[in-house]
Amino acid sequence: MAAAVAMRGGSSDSGGFDKVPGMDSGKYVRYTPEQVEVLERLYIDCPKPSSSRRQQLLRECPILANIEPKQIKVWFQNRRCRDKQRKESSRLQAVNRKLTAMNKLLMEENERLQKQVSQLVHENAHMRQQLQNTSLANDTSCESNVTTPPNPIRDASNPSGLLSIAEETFTEFLSKATGTAIDWVQMPGMKPGPDSVGIVAISHGCRGVAARACGLVNLEPTKVIEILKDRPSWFRDCRSLEVFTMFPAGNGGTIELVYMQMYAPTTLVPARDFWTLRYTTTMEDGSLVVCERSLSGSGGGPNAASAHQFVRAEMLPSGYLVRPCEGGGSIVHIVDHLDLEARSVPEVLRPLYESSRVVAQKMTTVALRHLRQIAHETSGEVVYALGRQPAVLRTFSQRLSRGFNDAISGFNDDGWSIMGGDGIEDVVVACNSTKKIRNNSSVGITFGAPGGIICAKASMLLQSVPPAVLVRFLREHRSEWADYNIDAYLASSLKASACSLPGLRPMRFSGGQMIMPLAHTVENEEILEVVRLEGQSLTHDEALLSRDIHLLQLCTGIDEKSVGSSFQLVFAPIDEHFPDDAPLISSGFRVIPLDMKTDGVSSGRTLDLASSLDVSSAAPQASGDASPDDCNLRSVLTIAFQFPYEMHLQDSVATMARQYVRSVVSAVQRVSMAISPSQSGLNAGQRMLSGFPEAGTLARWVCQSYHYHLGVELLSQSDEAGEALLKMLWHHPDAILCCSFKEKPMFTFANKAGLDMLETSLVALQDLTLEKIFDESGRKALFSDISKLMEQGYVYLPSGVCMSGMGRHVSFDQAVAWKVLGEDSNVHCLAFCFVNWSFV
């Protein structure tokens, strides 16, 4: 009877009924608890067994002998349905909890705004009254009360004095987190919602720069506090955080004196440090609070010997308020209020230190995103490549970023010292003889002789270059700026044998680059991946020794939805076995916007010169072009490359490093000019067609030759000329490519669809040959029709598959090839048109 009740209740743990189609209504199949137990075990192994598998189950399980195969099929169907319903119910409950918590946050925010409105109305009435009673010159009542009063100097060695500071910090922090002590305005581009990081606001009209964020995370309050207090684990700009002393407060909390060092974002500015008091306590309602503020004096801190490399910044009352949420999780309030001493940096870089939006993007929202990432990983829903645990991959990201920051800042206490230059101050070269590379804990120094690391770094100002577009280009078109011999030299440092200077074994990059994703954050603002570069030797004797090069690469801000304060591409050579303790020598690029406007470039924009072909003085912008803000966007680019060296090769490696970074800077400048929306695309395109007719002339030749050979028009309006004809060819929906008429045909031009199909750019197009994009059957079909092409001037190719520059397969319904004739009727190049192409 108990079994029957359980079965009617729908439980499948102790028995159940399943209705079988085709049977009389009201008739159900009854399963015993033993049968249900067996079926449940089978369901865990195989939730959706095939017909043959179900037959096998009946034969192998005698307890199911009296059940028909159709009944077994229905049981599995119903079981899957119940499982799906449970999962959906759990998901909806989680969404409901999140919406409830978000609604609570919005109601609190609305209440705070109402208080702020009332306060402003009161202040406005008071100011009007004062203006009527006194002269404007003597009126001192207009000062806003949002300015935080300066921290009085107190004896840091006196616990009672520190407790008084802690209590004041606690009060001021809460007035910022939940009150109206600061005039908060919603941060542009950060709308609150169930899928957003939270409610993000920045300060208006207060001392220094400040940001506030409120959000819901699926972690317990104690865990949230533990993570947030470990600032170096989530704040990439934090070099170190040391608790100088700690003692209990009288109310059950703790007071800590903390010294924190931050990295410099670029080589053009000094780093910052902080000497603060941190107070941790529990409120009466069970909420946890960690608040912090700077202590007076510039000499505090345990590492005063290296203080000359830092500018002492001030942290005004800031911190974290974490409240338990009904149903699990926590509601987190974060306030960051800083005075970063902007006067100590060049004027062009002061926006980095005077913008509350920068603080929100670099610190405040990063903390919330890190909490969400940890919660996502602990839920068990994250599956990463290569079987690595999330914590291991997160450590790799942190090590890559930290190594790059160390190279940029070059602190003396890390062993860095500046080397003499060659009279030109464009590239700074530093060496570190104390930094060694180890394969693992049981293997000694990699090099055969004492050595270290040489770092060559440079910074430059970019104008009208969208940062995300530039970083994506550098990522996807490495051959445009990198030297494969240098990559091979860096990779050789991971081997047990001594490394040598590049050039002793001539190698070249074959053009193949395969990107294998490893992990990404919840909102894709950071991507960790492995890049394989295919290389080959230039000599026959060394052919057997040529090997691919593997890089571990960290990309930040390349997603089209990213709105960040910096955009990075950082990489390090790794061994193909990729152990968890692999040594990492980080190099790369960092682009930091100075005008802090939303990057308006859409994901559909081509990452090359091609997009600028859409620009003309009279034509409107096409969809996907950069916004007008991009034309005025300023940013600072920092480049840093690290090179291992042996002591007897130190000077040679330093010279090589300086020259290489200069070549990279030149390449980046060329690319920046190409992708800048302020540049004339037609002129840029013509520059890339060196040795060939101007772009407008080439477009006319392509269209005229198509009509001459095939008797039909390639474009709908064939009477157009000049830039108008070029724009029509550029926007043609089919992929149109031009290749040189040589023994080894090489591509020289492509329209937008052609570049999208090949996943390349006008800059990198010449690295592709006609043979490289066709598979074996495609090459046979093309070569078999070469004589026909030369005789009649054109040839149709059947549907087939070709390869993009990134190694992806591309299918097309039909292709046509024809000879492009110049004014002298000689063949200048071959043209191809691929119809209805798509990625396989």
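The values are calculated or read from the model by the stated rules, or taken from the named source; none is laboratory data. Just so it is clear, the model here is predicted, and its values are computed rather than measured. When we count neighbours, we look across all protein chains shown, and the Cβ atoms used for this are built from the backbone with ideal geometry, even at glycine. With ligands, DNA and RNA removed, areas are computed over all heavy atoms of the protein, side chains included. Shrake-Rupley method; radii C 1.70, N 1.55, O 1.52, S 1.80 Å.
Within the range 805-819, restricting attention to residues that are at pLDDT 85 or above and not aromatic (F, W, Y), the residue that is nearest to the chain's Cα centre (by Cα) is V810. Checking the condition over 24 Å from L533 (Cβ atoms), of a type in the set (D, E) and at pLDDT 80 or above, which residue from D422, D426 passes? Criteria check complete, one pass: D426. Condition test on V827, is it aliphatic (A, V, I, L, M), within 45 Å of the chain's Cα centre (by Cα) and in the same structural domain as C738 (by the TED database)? No; evaluated as a whole, the condition is false for this residue.
Hey, can you tell me all the residues within the range 335-353 that are over 24 Å from the mean Cα position of the chain (by Cα) and over 17 Å from K176 (Cα atoms)? Hits for the range 335-353 are L340, E341, A342, R343, S344, V345, P346, E347, V348, R350.
Among the conditions (1) free of Cβ contacts under 8 Å to residues at least 60 places away in the same chain; (2) hydroxyl-bearing (S, T, Y); (3) touching a Lys or Arg at 6+ places or on another chain (Cβ under 7 Å), S287 misses just one, which is (1). Annotation: L321 fulfils all but one of (1) open to solvent by 40 Å² or more (accessible area, probe 1.4 Å); (2) touching a residue at least 12 places away in the same chain (Cβ under 8 Å); (3) not assigned by the TED database to the domain that holds L518; the unmet one is (1). For the range 755-786, which residues satisfy the criterion of being part of a helix (DSSP H, G or I), of a type in the set (V, I, T) and over 26 Å from G711 (Cβ atoms)? The one that is part of a helix (DSSP H, G or I), of a type in the set (V, I, T) and over 26 Å from G711 (Cβ atoms): I773. Of all residues being over 24 Å from T171 (Cβ atoms) and aliphatic (A, V, I, L, M) in the range 238-289, which is surrounded by the fewest Cβ atoms within 10 Å (Cβ to Cβ)? Just the residue, please. Among residues in the range 238-289 that are over 24 Å from T171 (Cβ atoms) and aliphatic (A, V, I, L, M), the one surrounded by the fewest Cβ atoms within 10 Å (Cβ to Cβ) is L268. Checking each residue in the range 584-611 for being open to solvent by less than 20 Å² (accessible area, probe 1.4 Å) and at pLDDT 50 or above picks out I585, S586, S587, G588, F589, R590, V591, I592, P593, L594.
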